[in-house]
Ligand code: SF4
Ligand code: SF4
């Protein structure tokens, strides 16, 4: 799950519109990246105006504020 949306998300929708494979959906409080669909192109990471998307290494722990994304 390399790319993760954190609680900094302001639900602007830019990442949802820009994802080439439709891997991002808008959930109740923030957008969510679906790792089974994501091809890790990095577009959302580059385009988020709020710096809400982070890259997490496979063997790294997800920061506490991003953990709710996995609910
Ligand atoms: S671009 Fe950033 S702030 Fe906007 S919806 Fe996506 S993650 Fe949230
Ligand atoms: S890294 Fe690319 S494929 Fe994955 S969610 Fe972001 S824009 Fe979509």
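The values are calculated or read from the model by the stated rules, or taken from the named source; none is laboratory data. Quick caveat, the model's predicted, so the values are computed rather than measured. Positions of Cβ are backbone-derived with ideal geometry, glycine not excepted, and every protein chain shown enters the neighbour counts.
Out of curiosity, is residue 9 modelled with pLDDT of 95 or more, in a loop (DSSP other than H, G, I, E, B), more than 6 Å from ligand 2 (Cβ to nearest atom) and touching a strand residue (DSSP E or B) at 6+ places or on another chain (Cβ under 6 Å)?
Details: modelled with pLDDT of 95 or more: yes; in a loop (DSSP other than H, G, I, E, B): yes; more than 6 Å from ligand 2 (Cβ to nearest atom): yes; touching a strand residue (DSSP E or B) at 6+ places or on another chain (Cβ under 6 Å): yes.
Here the answer is yes, as residue 9 does meet what is asked.
May I ask you to list pairs of residues, at least six apart or on different chains, whose Cβ atoms are under 6 Å apart, with the first in segment 1-18 being in contact (Cβ under 8 Å) with a residue 40 or more places away in the chain and under 20 Å from residue 39 (Cβ atoms) and the second being more than 13 Å from ligand 2 (Cβ to nearest atom) and in a loop (DSSP other than H, G, I, E, B)?
Every condition considered, the pairs that remain are 5/30.
Only residues in segment 29-46 that are closer than 12 Å to residue 2 by Cα count as the first member; pair them with residues that are modelled with pLDDT under 95 and more than 9 Å from ligand 1 (Cβ to nearest atom), Cβ under 7 angstrom, at least 6 apart or cross-chain, and list the lot.
Within 7 Å, the pairs are 35/1; 40/2.
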